[in-house]
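What follows is calculated from the coordinates using simple rules that are stated; it is not laboratory data. This one's a predicted model, so the numbers in the text were calculated from it and none came from an experiment.
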Amino acid sequence: MDVIWKENNIFYNVLCVLITENEKLFDRSDARLYWKTVYHMFLILHHFYVANIGASLNMDIDHADIRKLKKYRVAYLTGWNFSFQTMFLGLALLHDMLRWLDKHDSKLGRRIKYFRDVIFNGLVFPFTCFVTGMFWCVYLIDRELVFPQVYDQIVPWWLNHCVHTNIFIVIAIETLLTRRRQPTDVKVERCLWVFVSIFYAVVYYSVYFFGGCWLYGVFGIMTWWQVCLYQTGIWCSTWVFYNLNFIVNKMIHKEGDVTPKPSISGDLESRETKFQNASRSEGAVETGSSKIRKDVELNSTKDKSGMANAAYLNDNDTENDKKWKSIGVSKNDASLSQSLDKSTGTNFKRNQFEKSSL
């Protein structure tokens, strides 16, 4: 009866087909790309949903902290970091789509990959680590200093974890999926980090000087020299997180990256590489030719007897072949050098004959 039920049950048959297809998927070379695409698509929907819920929160409660949250909601670093992640996920999903269409090596595909990696390295990773680490550390000490209890009336607990906990899971999985062992563009990434760090400090302290309140209560219990030290610690910690990204990536992805770096200027790097390789081969040819000519001259001066020198020149063909193979020179160049050797040997024998007593 169980066999008959399994054969006639539509749900069971469909489930078997799905399992079979998934097993085939794991055997294909594009399985990694498939899961990356699903992952990025799920996260971009997650971020849009969370942003929509956050924008529609009811903040009509008459409380000082709620009024401050409503008035300066765009000035919180949590929202800035969430925007950086949404921008990165959009570029990552777009690049995955181009890979499915086999357009990732086009000029547009290289540009998208370049900006995707630069935003992740310079903004997403350092500021996400700082927001998650600093928020939960202060929250565990005294939540009133960073997330007052009155916020629970308008912000659901799951929404709090979406903007302060899930963001770290995003970069953790992204680090496992994508290899970024070194900066994509050091200058651009550091300029982005410096600009956002300084600009946010200007915005944050402007709210205090012109609005008369601190966005985070932890600054309100500090003296000014403590605030300066705390601000310096914020900048130093984000800088450490920026460099920690590549250290962690090297620990996870131990194999070297043999693919060329993405460049927004097209195939400039590949052309430079080809030019360097061509220059090296030409240098090797020149070195080999000069070496053989030098060997001929030295042997012609050292050997006093014409027979010995002629024997050396005749038997030297195989040795020359070995030398050309060892330095990687083509056969045409080798034949040219051999003809030069033979002509040199003929002239040497003629001179020896004219100088002989006969």
Length released on extending from Gln153 to Gln231, taking residue separation times 0.36 nm less the Cα-Cα span: 25.0 nm
Specify the inter-centroid distance of segment 61-108 and segment 140-160, based on alpha-carbon positions, in whole Å. 22 Å
Dimensions of segment 31-266 along principal axes (Cα, Å, largest first)? 55, 37, 29
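Past the 22 Å Cα-Cα mark, which pairs from Lys36/Lys187; Lys113/Lys187; Lys36/Lys103?
Details: Lys36/Lys187 28 Å; Lys113/Lys187 17 Å; Lys36/Lys103 17 Å.
Those over the limit are Lys36/Lys187.
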If the viscosity is 1.002 mPa s and the temperature 20 °C, what translational diffusion coefficient in µm²/s does Stokes-Einstein give for segment 59-159 when Rh comes from Kirkwood over Cα pairs? 133 µm²/s
